[in-house]
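Here's the structure, in structure tokens; my notes come after.
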Amino acid sequence: MKNLIVIFLVIATIGTVNAQTIYSTKTGSASFFSKTSIRDINAKNDKVGVVLNTATNEMVFVVSIKNFVFPDALMQEHFNETYMESDKYPNANFSGKFNEKIDYSKDGVTNVTATGKLKIHNVEHEVTEKGTITIKDGKIILHAEFTVELKDYNIEIPKVVFDDIAKTILIKIDTPLTLHKK
Amino acid sequence: MRNKYKLSVLFLGLLLGIIKPMIAQEDWKSLVSLDSLNTSGNTSATFKTTRLINGQSVETVKKHTLDFRVAHRFGNESLGIHSLYGLDAASDIRLALEYGISDRLTIGFSRSRLAENLEGLIKYRLLIQKENGAMPLSVTLFANSVITSVMDYTATADYAGDYAIFAHRMSYTYQVLIARKFSRIFSFQIMPSLVHRNFITNPSDKNDIYSLGAGGRLKFSKRSAIVVDYFYNINPSNSTRSAGSGITYYNPLGIGWEIETGGHVFTIMFSNAAGLIENEFIPNTTDSWRKRGFKFSFDISRNFKL
């Protein structure tokens, strides 16, 4: 009977995620750039939420669309209301996994690729993007640059638009993660 | 019996062993939720531009942005085919420059064709509605002062004229604009207003006209909306004049279609008011919708980031 209870306890504990493997941030940064001959547009979001499970190499990014800050407030309003429809679709997400084995215990920079589901404007696509992962002093810094085609995510640009917007948008991600505290 | 008990403990243990990590797996993924990321939470775009149809909206011009506005109001539809239902006439034309000193404070200047009114205006966004409900309303204060610069033809041998004293040319509007964005597509606003005129032509008229305005915007596609506004005059000049004094005053009602293109906002509308500024359309609307006294009108707003 005693043995059984021990077995019971062991089984019940196995598989619970060790908190030591969860890294997160709520202040990651995501920026985007739209370049055309007429106008350059850029915006930055310094409140990106990221969580990484180093045990499984899985990660989740949550981006609140309304937290993108533009130099021009009117542009920000158009971005939210007309293009991203952030009242209807308040966030963009990435949920995926690193394809490489990563030694999180060693300091250094590693080139990695991540594959997963990228959801923007309520349209989801399976993507694989390149990036780097930097490990230093117990921090994990994820860095990536990739492009997004607006039409892939049903983001319409009106024909008569006076603010010229590129069809392909460059996105930069820079998120230092720290060990998640409960 | 004992075996059965052993088995059930084992089974329960296995079950927990399987379920627990499944729950935990989902758990860590929801450690960052959208709610924990949102910060400012200000409701944006209660209205698409700083005007409804006739009246002001709670919106102010964005910081360091110049709003160039052109409005044209044609003549009464009742003028008929020989005036192309009013399109040959111009009741009023207004050109305005309005500038956002900050996201909350706007100053502006305009000139209207009607009575050659020169207007200086100031608008201050006092409260901004919050998405989390902490602030349910937006409140904006509006004031203008207007110089009626039209030539004075009223002078005669015995009378120095209506505008013999410069102060007679001055009039003022004060408004408290209170709005709420009820949903992504619907916003509503009320506008307690006071128009003060230093000079009135008919001695039985009141210098101060109190009015309560209401208006709303209903979005029906990504870029267009139906906008309506109405002002109920509490003490119109009719109320103080003796019957048969010649002119009947009406409450101004406007209805329009607003189209936003990114940088421009076009509004095409119908209104029974002739004037395009509060100092005219609140106290001086003398046409009635019922007598085909409505006029086609358009308003274009173009924003320049300075």
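What follows draws every value from the coordinates through simple rules; no lab data is involved. Only a predicted model underlies this, so the values are computations on that prediction, with no experimental measurement involved. Neighbour counts are summed over all protein chains in view; Cβ atoms, including those assigned to glycine, are modelled from backbone coordinates with ideal geometry.
Only counting other Cβ atoms within 10 Å, I'd like B:Thr65, B:Thr154 sorted with the fewest neighbours first.
B:Thr154, B:Thr65
I'd like to know how segment A:20-179 sits against the 2.2 N^0.38 Å rule of thumb: what's its Cα Rg over that expected value?
That ratio works out to 1.08.
With labels modelled as points extended 7 Å from the Cα through the Cβ direction, what inter-label distance (nm, one decimal) is found for A:Thr110 paired with B:Val228?
That separation, rounded to one decimal, is 6.4 nm.
For chain B, set up a Gaussian network in which alpha carbons nearer than 10 Å are linked by springs, and say which option among B:Gly108, B:Gly275, B:Gly263 fluctuates the most.
B:Gly263
Taking R0 as 45 Å, what FRET efficiency do you get between B:Val139 and A:Val123 from their Cβ-Cβ distance, rounded to the nearest 0.05?
The calculated FRET efficiency here is 0.75.
Rounded to whole Å, give me the distance from the Cα center of segment B:249-306 to that of segment B:146-189.
When both Cα centres are located, 16 Å separates them.
Mind listing the phi-derived Karplus ³J(HN,Hα) values for segment B:143-159, rounded to whole Hz, using 6.51, -1.76 and 1.60 with θ = phi - 60°, and x for any glycine or proline?
With coefficients 6.51, -1.76 and 1.60, one gets 8, 9, 9, 10, 9, 7, 9, 4, 4, 9, 9, 8, 5, 10, 4, 9, 10 Hz.
Please compute the Kirkwood hydrodynamic radius over chain B, one decimal place, Å, based on all pairs of different Cα atoms.
About 22.2 Å for chain B.
Towards the positive end of the charge dipole of segment A:20-179, with charges on Cβ (+1 Lys, Arg; -1 Asp, Glu), say which of A:Leu142, A:Asn45, A:Met84 has the farthest Cα.
A:Leu142
Within 10 Å of each residue's Cβ, count the other Cβ atoms and sort B:Leu276, B:Leu218, A:Leu177 from fewest upward.
Going from sparsest to densest Cβ surroundings: B:Leu218, A:Leu177, B:Leu276.
Which whole-percent values make up P(r) of the protein assembly as shown when all C-alpha to C-alpha distances are grouped in 20 Å steps starting at zero?
For the protein assembly as shown, the binned pair fractions read 20, 39, 23, 13, 4, 1, 0 percent.
Describe numerically, in nm with one decimal, the distance between label points set 7 Å from Cα along Cα→Cβ at A:Tyr89 and at B:Asp152.
6.3
Using a Förster radius of 35 Å, what is the FRET efficiency between B:Ile300 and B:Ser239 based on their Cβ-Cβ separation? Nearest 0.05, please.
Once the sixth-power term is evaluated, E becomes 0.45.
Over segment B:31-138, calculate the relative contact order: mean separation of alpha carbon pairs under 8 Å at least 6 apart, over the residue count, as a percent.
Normalised by residue count, the contact order of segment B:31-138 is 23 percent.
Can you sort B:Leu37, A:Leu170 so the residue with the fewest Cβ neighbours within 10 Å comes first?
Listed from fewest to most nearby Cβ atoms, that is A:Leu170, B:Leu37.
Between A:Asp40 and B:Ser30, with labels modelled 7 Å along Cα→Cβ, what's the label distance in nm to one decimal, could you check?
4.3
Counting pairs of alpha carbon atoms under 8 Å apart in space and at least six apart in sequence, what relative contact order in percent does segment A:34-98 give?
34
To the nearest whole number, what is the average tally of beta carbon atoms from other chains within 10 Å of the beta carbons of peptide B:263-270?
Rounded to a whole number, the mean comes out at 1.
Quick check on chain B: helices-only [θ] at 222 nm, where DSSP H runs of length 4 and up contribute -39,500 (n - 2.57) each and the sum goes over total residues. Nearest 500, please.
-3500 deg cm²/dmol
Given a cut-off of under 8 Å on Cα pairs at least six residues apart, what relative contact order in percent is computed for chain B?
18
For B:Leu31, what residues show an amide H to amide H distance below 5 Å, using hydrogens built from the backbone and excluding near sequence neighbours?
For B:Leu31, whose amide H was placed from the backbone, there are no distant partners under 5 Å.
How many angstrom lie between the C-alpha centres of segment B:29-80 and segment A:126-157?
33
Only Cα pairs within less than 10 Å get springs; with that Gaussian network setup on chain B, which residue of B:Lys219, B:Lys130, B:Lys29 has the largest fluctuation?
Fluctuation is largest for B:Lys29.
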